[in-house]
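The values are calculated or read from the model by the stated rules, or taken from the named source; none is laboratory data. The structure displayed is predicted, hence computed values, not measured ones. Glycine gets a Cβ as well: all are built from the backbone with ideal geometry, and neighbour counts include every protein chain shown. The protein model used for the area step is the full one, side chains on, heavy atoms only, and it has no ligands, DNA or RNA in it. Shrake-Rupley method; radii C 1.70, N 1.55, O 1.52, S 1.80 Å.
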Amino acid sequence: MRSCYFHDRRTIFTTRSNNNFRLGLGLNSNSATNRSMFSVVSLAPQLVYQGKIDFLVFDYLAEITMSILAAAKRKSPDMGYATDFVQVTMGPLLNEIKRQGIRVVSNSGGVNPQACCEALQQVAKKAGVDLKIAVVTGDDLMRQMKDIAEQGITDIDSGRSFPRAVASMNAYLGATPISKALDMGADIVVTGRCVDSAVVLGPLMNKFKWGTDDYDRLAMGSLAGHLVECGAQATGGTFTDWHLVEGWDKIGFPIVECSSDGTFILSKPPKTGGLVTTATVAEQLIYEIGDPRRYLLPDVTCDFSNVSLSAAKDPTTQEDGVSVAGAKGLPPSSKYKVTATYLAGNKIVFMCVIGGPRAAEKGQKTAENILKRVRGMLKFLGMEDFSRTHVQMLGRSPCTDRTHAIIRLGSGSLISAEHPDKKGVGLLARELAPAGTGMAPGTTGPGGGRPKMWKFTWMESQRRFLCLRQTERWIPQSQPRTSQDSLETAHTFTVGQLAYTRSGDKANSANVGVIARHPSYLPYLKQALTEETVEAYFEHVLDKSSPSEKLVTRYELPGITALNFVLQKSLGGGGVASMRADPQGKCYGQMLLDFEIPNLPDLLSKTNSKSR
């Protein structure tokens, strides 16, 4: 079911180096989803002109992106792919890419990779550039929907039955078909849905001729893909110590220079902003993972628990970088992850900003009365009630019951609602503006509504598919010191003083990674941050079926002196299905920074901790 289509064959350029291999990530899914002009205009050129790369790779597809592209294809059958990739990113660079012999891999095909290929071919023809373009297909299972629906499949996260009115259904393919397409001579490979790391692993398999059972090297290549898949998150973006990062306006995107044994150095182009340290890379390593010993991919099961990071120089540009080693691999699962998107009514999200004294109280009362008013209208018109509503006060920290300084100036009142009929959310939209003149003083703010897409995920047997086929290291103490001297000089520290954090999402679960700023801090963090204490801290975001249900699991990554917490059922459905202000758990790591750990020795003065 996977296949390649080639257009306009030409001679392939060789790579720059016989030993090492350089790849740069030109765009990530967050930039693509938000259509950032800086991302599409500046990032790929900085890698092409300054990065001295062999391959330029693009990761366009987050789960939320797939639902957006599916909606675009419903409106027009020749859409459903990332149009910016063709017109804005690749168009101006095609001649330079050909001149340098840079090859390209991109999952910009979305739900319509063949249309993406055809559009790219037209742009190349117009530019007078002769290219060989491959399309990897086979991820789209819509033609098999009836057969799949009759199998009694349930959602892997919620247990829901297979939905009706499915808009898209795609398997997460691996790197093997990408490698095969490159073996056959492609200059550019366009894919539909694949795992994010595949756009990096595929070129590495092709370059170094790694076999499909060379699991340790496949794990290292997958780790390289995992670290760069979110772009600038590995080069200082969203870093805990954000105040140390300069040049956000021209932040550099990541480059990995890989060796045949799988080890690599991560850096960024010269004269760009951002920061590459073991801490920035460690934060990205722990982003959006569950059990670090079993990171499941179509090509390999990865063990990242003992990955090592050390400061290094980019051997090509001499820029600051980080050397990465130590990932281990096991055979992959016999199944692919498959996600379907489907229409599930309409959703509106509105935020009004309310200033002045008692702003949070005013915001809560405003939201409750807007919903009460519209419910009365729905009843009068003989329409159904809202399917779900959600009200959230922004500017307050419910996990610590503390109010931040911003609340003195204003509070954000987030109002979300779902209704099976577009007219239902339309009524609510029309009643939001009158609140500015008929309810609490100091009320203002924007809003918006749209059809709501849900996703449905399961594991599908691979048999359904035809395959194309810093420098010093410390040893932490095993237990915290509990001497009388320590107790007599007890101190209280926050997690933010002792650790870096980063959080992300997978479906309706979030993960929060905690990386010790110094290895000697790890025993204290382990003692304080148990599954029970973290679950209690995040109780306000967990959707428990019963008070006794346990939803937090802790994992350890001794290689980077880190802990990883997985919070199940913590995102209100997650992604486009969620009605919360933070549907992807991006703020959860920041929230944990305020967690206080009492009765500690004076750790900071003993280590004189610095950013790693």
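Kirkwood Rh over Cα pairs of region 243-356 into Stokes-Einstein at 25 °C, 0.890 mPa s: D in µm²/s?
Values: Rh = 17.5 Å.
Diffusion coefficient, whole number: 140 µm²/s.
Hey, which of these cross-link pairs are over 20 Å Cα-Cα: K335/K506; K98/K271; K146/K506; K52/K250; K365/K544; K379/K422?
Where the Cα-Cα span goes over 20 Å, the pairs concerned are K98/K271; K146/K506; K365/K544.
Once phi is turned into θ = phi - 60°, what whole-Hz ³J(HN,Hα) does the Karplus curve with 6.51, -1.76 and 1.60 give for every residue of region 313-327, x standing for Gly and Pro?
After applying 6.51 cos²θ - 1.76 cosθ + 1.60, I find 10, 4, x, 8, 10, 6, 6, 4, x, 9, 8, 10, 8, x, 6 Hz.
How large is the charge dipole for region 491-609, taken about the Cα centre, if only the Cβ atoms of Lys, Arg (+1) and Asp, Glu (-1) carry charge, to the nearest 20 debye?
Working: 11 positive and 12 negative charges, 62 e Å.
Taking the Cα centre of region 491-609 as origin, the dipole is about 300 debye.
At most 16 other Cβ atoms within 10 Å and a DSSP loop assignment: could you name the trypsin sites (Lys or Arg not before Pro) in region 330-379 that fit? Write down the numbers at each step before the final one.
On the way: sites: K335, K337, K347, R358, K362, K365, K372, R373, R375, K379; in loops: R358.
Listed in order of number, the matching sites are R358.
Please identify the GluC sites (Glu not before Pro) of region 534-573 that satisfy two criteria: DSSP loop assignment and at most 14 other Cβ atoms within 10 Å. Which are they? Don't skip to the end; give the middle numbers.
Values: sites: E535, E539, E549, E556; in loops: E549.
Those satisfying the criteria are E549.
Rank by packing, highest mean first: peptides 56-62, 146-152, with packing defined as the count of other Cβ atoms within 10 Å averaged across residues. Numbers along the way, then the final one.
Numbers: 56-62: 26.7, 146-152: 11.3.
Put in order of decreasing packing, that is 56-62, 146-152.
Express in Å², to the nearest 10, the accessible area of L343 obtained by rolling a 1.4 Å probe over the protein heavy atoms while all chains stay in place.
80
Within region 189-240, list the trypsin sites (Lys or Arg not before Pro) lying in a DSSP loop whose Cβ has at most 16 other Cβ atoms in a 10 Å radius. Spell out each step's value before the answer.
On the way: sites: R193, K207, K209, R217; in loops: R193, K209.
Here the trypsin sites (Lys or Arg not before Pro) that fit, given the DSSP loop and packing criteria, are K209.
Just to confirm my numbers, what's the Cα centroid distance between region 332-373 and region 540-612 in Å?
22
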